[in-house]
Amino acid sequence: MLKVTQHLVCPICKSSLEKINFSETLEGSMKFGELICDTDGKVGQVNFGKLDFIRTSDFGLSEPGHHICKDFTYKRVPWNDSSITSSGLVRHDLGWNAEGYSGVLFNENNEEWEIIIQTNATDLGIRCLSHNWSGAINIKINDQPAKILDLYSESESDIKLYMIFQNLEGSKTIKITPAISTNKLSHGKQLFFSGYDACFDKDKAEKLRVRSEENRGNGFPKMYDWILPRLSDDALVLDCGSGDRRFKDSRFVGFEYLPFELPDVFGDGHALPFADSIFDVVFSQAVMEHMRDPYLAAREITRVLKPGGLVYIESAFMQPLHAVPYHFFNTTPWGIEVLFTEAGLSSEVVEWFGPLSESVRWYLNVSVGGGVLSKLEREVIIKILQRSDRRTNYESLKSVASAVAFWGVKPSGKGDLWNIALKKPDRPTFKY
């Protein structure tokens, strides 16, 4: 992260940024702060060490000025962690969300309930659903009044982060109880509590068994394992649309739109907040189908790639609607190639993968599987298609493959090493 912070730009006009009202370690890792563009004003902020160009608010900003803080470890703590106890609340399932878990602690309109958090965190913010039925809550730290928060939102229904304290040493007991709300717009007094975000003193984090590096997202394609050993130690690699996965490699930058825990930078793939030509490699897996303007997204990926740099993309082809409402354009083998060659990359390899039986299984599960066909009937269909898969050669799969893959290189005017490497027989392939 230290390397990429030197290359941040305004996602709108691509000019340099100034950081203000920030706290950072002696090594330069920012913990909190604001990111300001001379032309467009405040375009981003840093919360708990995460660079966010999507969700800017008045919550979590550091005090005016520049403050030096200790090395820190960030962690998102779910509602059912052992550090949290409660009474008068029940578990409620909101369905899958980018918080990394679906359950929350819920209160309808009960007048008496409480949540208690025992922690050694130096910085902490709670996550609550904000919508038009939300009430107000009272926060105390070690029995001392801290703040009253109104969780009401007229137009949104989203889990938001509410900052409670910063740079506060020692053990703390945080008590959350209902507050008397004067907001006449709210339809109720509901609370949906999903947990908290916190920074811990890095020296103490090991003793506290704080872990934030484990991967919880998609697995890593074998192509990544082939690429990484060919990169220098000072290379920069962008995982564009990383979701909640983590590479244990300091060269990686996880970039994501949704508020997962593990990405390093949050932003819009149509307007990357990075300077031109800084990444040696850009990965993107199962993301392009979710871009409302995939041509613009491809141009942005090409812009931030160094001349001679490599792009590896996987995108949906014969897949049903998913990640609603952010599923826009599936790509054929020719479609994925056109997206990136028109953006300025050479097309080195285009492949396809995913048998028909797996695509149809997905179709059945999201459509007719809910009662039109029995489980037995669906399994009979899949078994028939699996026999067909075994007889389908690679070229025939091209018309019905689940996904496509693209390898491209940004021309440099010199002899591009990736063009040569991609022709070697040790390159991973989907061909069979």
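How much accessible area per residue does segment 294-364 have, in Å², with a 1.4 Å probe?
Per-residue value: 40 Å².
Setting aside same-chain residues fewer than 8 positions from K204, which lysines have a Cα under 19 Å from its Cα?
Leaving aside lysines fewer than 8 places away in the same chain, those within reach of K204 are K31, K70, K75, K172.
With the radius of gyration and the Kirkwood radius both derived from the Cα set of segment 45-178, what is their ratio Rg to Rh?
My calculation puts Rg/Rh at 0.94.
For segment 277-432, max minus min Cα coordinate along each principal axis, in Å, sorted largest first?
Largest first, segment 277-432 extends 59, 37, 19 Å along its Cα principal axes.
Rounded to whole Å and ordered largest first, report the semi-axes of the equivalent ellipsoid of segment 224-277 derived from its Cα gyration tensor (root of 5λ). Don't skip to the end; give the middle numbers.
Values: eigenvalues 80, 40, 15 Å².
Over the Cα atoms of segment 224-277, the ellipsoid semi-axes are 20, 14, 9 Å.
Once amide H atoms are built 1.01 Å from N in the peptide plane, which residues 5 or more positions from G309, or in another chain, come under 5 Å H to H?
When sequence neighbours closer than 5 places are left aside, the close amide H contacts are K410.
In Å, what Kirkwood hydrodynamic radius results for the chain from the alpha-carbon pair distances?
24.0 Å
Pull up all non-local amide H partners of S130: gap of 5 or more, or a different chain, and H-to-H distance under 5 Å with H placed in the peptide plane.
Under 5 Å from the amide H of S130: D158, I159, K160.
Could you tell me, in Å, what Rg and Dmax come out for the Cα atoms of segment 1-94?
Values for segment 1-94 (Cα only, Rg and Dmax): 16.5, 51 Å.
Considering the dipole of the chain built from charges on the beta carbon (Lys and Arg +1, Asp and Glu -1) around the Cα centre, which of T302, L105, G408 is farthest to its positive end?
G408
Compute the projected area of the convex hull of the Cα atoms of segment 107-172, averaged over all viewing directions, and report it in nm² to one decimal place. List each step's numbers first, then the result.
Values: hull surface 19.1 nm².
So the Cα hull casts an average projection of 4.8 nm².
Please compute the contact order of the chain in relative form: average sequence separation of alpha-carbon pairs under 8 Å and at least six residues apart, divided by the residue count, as a percent.
Values: 960 pairs, mean separation 55.0, N = 432.
About 13 percent, as a whole number.
What number, in nm² with one decimal, is the all-direction average of the projected area of the convex hull of the alpha-carbon atoms of segment 235-331?
Computing the convex hull of the Cα atoms and averaging its projections yields 6.1 nm².
Springs between alpha-carbon pairs under 10 angstrom, Gaussian network model over the chain: which of L89, L345, L258 fluctuates most?
Ranking L89, L345, L258 by mean-square fluctuation puts L89 first.
Leaving out ligands and nucleic acids, and using a 1.4 Å probe, what accessible area per residue does segment 113-175 come to in Å²? Intermediate values should be presented prior to the final figure.
Numbers: 2670 Å² over 63 residues.
Dividing the accessible area of segment 113-175 by its residue count gives 42 Å².
Cut-off under 28 Å on the C-alpha distance; same-chain residues fewer than 8 positions from K424 excluded. Which lysines are left, in chain and number order?
K222, K248, K306, K398, K410, K414
For the chain, which whole-number percentage of the solvent-accessible area (1.4 Å probe, protein heavy atoms only) is attributable to carbon and sulfur atoms?
Heavy-atom surface of the chain belonging to carbon and sulfur, 1.4 Å probe: 53 percent.
Going by average Cβ density within 10 Å per residue, which order do the peptides 31-38, 50-57, 383-390, 106-113 take, highest to lowest?
Going by the mean number of other Cβ atoms within 10 Å, highest first, we get 31-38, 50-57, 106-113, 383-390.
Please give the helix 375-391 orientation as an angle from the longest Cα principal axis of the chain, in degrees from 0 to 90, rounded to the nearest 10.
Taking the Cα atoms of the chain, the angle to 375-391 is about 40 degrees.
Normalised by the number of residues in segment 354-410, what is the relative contact order in percent for Cα pairs under 8 Å and 6+ residues apart?
Numbers: 30 pairs, mean separation 33.6, N = 57.
Rounded, it is 59 percent for segment 354-410.
Assign unit charges at the C-beta atoms only (+1 for Lys and Arg, -1 for Asp and Glu), then state the dipole size of the chain relative to its Cα centre in Debye, rounded to the nearest 20.
1120 debye
Across all directions of projection, what mean area in square nanometres is found for the Cα convex hull of segment 163-321? Please report the intermediate quantities before stating the final value.
On the way: hull surface 59.1 nm².
Mean orientational projected area (segment 163-321, Cα hull): 14.8 nm².
The values are calculated or read from the model by the stated rules, or taken from the named source; none is laboratory data. Source: prediction; values computed, not measured. All Cβ positions, glycine included, derive from the backbone under ideal geometry; neighbour counts span all protein chains shown. Quick note on the areas: whole protein, heavy atoms, side chains included, nothing else; ligands and nucleic acids left out. Shrake-Rupley method; radii C 1.70, N 1.55, O 1.52, S 1.80 Å.
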